[in-house]
1. Whole-Hz ³J(HN,Hα) for each residue in region 280-287, computed from phi via Karplus 6.51 cos²θ - 1.76 cosθ + 1.60 with θ = phi - 60°, x for glycine and proline: what do you get?
2. Ranking Trp269, Trp252 by Cβ neighbours within 10 Å, fewest first, what do you get?
3. Rg and Dmax of region 324-382, Cα atoms, in Å?
4. What are the ³J(HN,Hα) couplings of region 613-626, residue after residue, when phi is run through the Karplus curve with 6.51, -1.76, 1.60 and θ = phi - 60°? Round to Hz, x for glycine and proline.
5. May I ask you to derive the FRET efficiency for Ser221 and Asp364 from their Cβ-Cβ distance with R0 = 22 Å, giving the value to the nearest 0.05?
6. Taking the Cα atoms of region 281-367 alone, what are Rg (to one decimal) and Dmax (as a whole number) in Å?
7. Which of rounded, prolate or oblate describes region 607-652 when judged by the alpha-carbon gyration tensor and an a/c cut-off of 1.5?
8. Would you list the P(r) distribution for region 105-171, with all Cα-Cα distances sorted into 5 Å bins from 0 and each bin expressed as a whole %?
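Coordinate-derived values only; no laboratory data. Note that the coordinates shown come from a computational prediction; the quantities given were computed from them, not determined experimentally. Counting neighbours? That spans all protein chains shown, and the Cβs are built from the backbone with ideal geometry, glycine included.
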Amino acid sequence: MDDLRKRYEELKREINYHNYRYYVLNDPVISDAEYDRLMAELRRIEEAHPDWVTPDSPTQRVGAPPAEGFAKLRHPAPILSLANAFNRADLDAWYQRLLRLDERVRKAAFVVEPKLDGLTVVLHYRNGVFVQGATRGDGEVGEDITANLRTVRALPLRIPVAADAPPPPPYVVVRGEAIMLKRDFEELNRRLEAAGEKTFANPRNAAAGSLRQLNPAVTASRPLTLQTYAIVAAEGETPAAERETLERLRAWGFPVVEYHFCPDLDCVWQVYEDFAARRDDLPYEIDGVVVKIDDLALQKSLGVVGKDPRGAIAIKFPAQVVSTKLLDIRVNVGRTGVLTPYAVLEPVEIGGVVVERATLHNFDYIREKDIRIGDRVWVKRAGDVIPYIIGPVVEARTGEEKPYEPPKVCPSCGEPVVHPEGEVAYYCVNAACPAQRVRNIEHFVSRGAMDIEGLGEKIVQQLVDAGLVEDAADLYYLRKEDLLPLEGFAEKKAENLLRAIEASKNRPLARLIIALGIRGVGEVVAQLLAAHYPDLDALSRTTVEELQQIEGIGPVVAENIVAWFRAPHNRKMLEKLRRAGVWPRREAKAEQAEAMPLADKTFVITGTLSRPRNEVKAFIQAHGGKVTNSVSRKTDYLVVGENPGSKLAKAQALGVPTISEEELYAIVKSG
Ligand code: IVH
């Protein structure tokens with residue numbers, strides 16, 4: 001029993017550490033499969049001993065029951081806001097004001113950080129364990145969102161995460177920003193849209209909406225992450241400077257904002273300009289930078305005006321919001337038949353880019369914001385996210401504006417539109433709808449699917465309009481004579497296209513499965529399916545029950561898959577693909593094993609080898625093996641060189657087999 005208990009504590013520590021490697025450092029040291037094995041072992045122990053489960057267990061990141069509403073949580077110190085500066089003159093004026101208040105400011109240095117566009121979170125740790133977390137609320141009292149915050153993988157459930165870090169004080173409260181990365185935000189919106197659910201206007205709203213969810217299971221399914229930047233309160237010693245605070249937070253295992261140390265204002269301004277230039281390339285959205293006096297005692301002694309500390313200021317980027325006239329609302333038909341409204345605008349420049357179209361999200365959004373055709377509207381462009389309409393300028397109305405009604409028929413095929421009860425989405429359910437056809441073919445040929453080069457949106461439209469293709473399978477029957485009469489097609493272009501189509505016949509099974517465009521079947525599910533079924537024949541015969549046996553496939557996706565293979569028009573397309581020779585089979589397991597003699601084996605290396613350790617590591621990885629840094633029960637082999645270290649003794653104690661470098665090469669050679 002003692003051993004099991006020890007193993008349990010060890011597992012918790014180990015998994016929390018791997019979460020940190022993965023979500024905070026972006027540098028995992030074990031594979032997903034190994035991680036899953038650790039989690040499974042932890043779950044088994046917890047099932048047998050539910051009374052052992054503690055709040056810092058990684059299993060507690062999901063599954064808390066939905067809350068009735070959020071309880072209130074009083075902050076241990078006011079969660080302050082920031083005053084704004086918009087230009088160099090504002091920044092200089094701030095500095096001069098401070099100088100008049102306190103001569104010591106002349107010697108002060110600054111720390112400059114990005115101003116993250118997310119949701120402030122306040123995180124309480126007792127004896128290193130995350131015990132409570134809140135939103136900012138009014139700065140005095142926030143909402144208790146502990147269960148939701150636990151699902152954020154970048155948030156350490158226990159600090160310090162690494163063994164060699166300084167111990168935290170018995171009680172410490174950390175402030176940070178919960179954010180959603182731009183690419184995760186876009187992916188989430190695609191997922192919501194495909195499910196007929198409401199999409200979010202921007203990453204900030206997505207982060208806030210996901211955290212202020214009464215059901216933590218929903219939060220858990222959202223790709224939230226975190227960056228921290230302050231210690232709000234603590235019992236015991238805390239760093240005296242901002243820079244040290246950030247380093248301390250990092251050492252404890254928190255994800256910390258990027259920061260720059262500046263001795264003077266010229267440097268601060270330079271950092272601001274650098275961030276402005278990098279803004280679109282950053283993985284997250286920022287709306288400016290935050291400048292803080294590094295000396296925290298000085299910062300504090302400067303006091304507070306209202307809710308804004310004097311010793312820190314935000315320098316905001318120029319607004320990327322402008323107003324223009326909404327000329328029309330049009331509707332796009334997606335691959336799955338979802339209708340999405342978009343705005344046609346009087347062209348307007350925002351941050352150096354001319355914008356003529358903007359998204360309106362969905363029909364509810366238009367109604368809720370009371371957006372009318374002819375309105376003057378606010379348009380926002382944020383980074384590389386698609387511009388969107390914030391809302392109408394109500395004061396500018398003339399009375400000529402026309403309220404908007406969602407379409408009753410599909411703008412592409414004219415069939416009646418379906419609006420399922422309880423869903424946000426409106427659908428065109430006509431499988432022969434030309435717009436859906438075009439979107440489906442676009443998806444089929446796209447980079448992540450069959451990757452047919454040179455087959456863009458315009459050409460797909462041309463092919464469909466000319467009646468040459470009805471579905472993607474028809475692409476494989478195109479002849480040069482078909483293409484030459486099309487506008488813009490000369491001999492060479494036609495040949496190139498046909499060659500690209502031909503080349504796509506060799507894509508692996510998973511790519512073809514993605515290309516089919518089954519709802520909910522993206523890269524991950526496609527890989528799972530390709531691993532379980534040798535070809536599309538086997539997959540098309542499967543059942544919902546059988547699919548659900550596969551870990552990672554839920555009931556909804558299972559239903560979608562079976563329904564897809566049942567639909568007559570899809571069967572027709574499959575037959576055409578088969579006849580055209582587009583019928584990849586999964587590589588036999590035996591072939592894979594031959595190429596990967598070390599598959600699923602974990603190695604640790606100790607001592608000096610005949611080649612640099614990195615080379616040996618790469619050799620093991622190239623043959624399917626994994627290399628980790630420390631010996632554990634999970635280690636399959638310890639490779640022992642000259643002058644081995646303590647790992648040898650540990651391996652012997654655990655009964656892990658040891659091999660020489662020559663033996664390693666021999667194993668690979670003999671397959
Ligand atoms: S410091 C005294 N640093 O910006 C410290 N705030 O109005 C005050 N924010 O909602 C805040 N990134 O959540 C600070 N690197 C950063 C920040 C940051 C984003 C948010 C903060 C608040 C707003 C300030």
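1. Values per residue, Gly and Pro as x: 5, 8, 5, x, 10, 8, 10, 10 Hz.
2. Ascending Cβ contact count within 10 Å gives the list Trp269, Trp252.
3. Rg and Dmax of region 324-382, Cα atoms, are 11.8, 34 Å.
4. 4, 4, 5, 5, 4, 4, 4, 4, 5, 5, 9, x, x, 10
5. The computed FRET efficiency comes out at 0.55.
6. Spelled out, the Cα radius of gyration and Dmax of region 281-367 are 20.9, 60 Å.
7. Details: a/c = 2.64, a/b = 1.19, b/c = 2.22.
Here region 607-652 falls in the oblate category.
8. Reading the bins upward from 0: 4, 13, 18, 18, 17, 16, 8, 4, 1.
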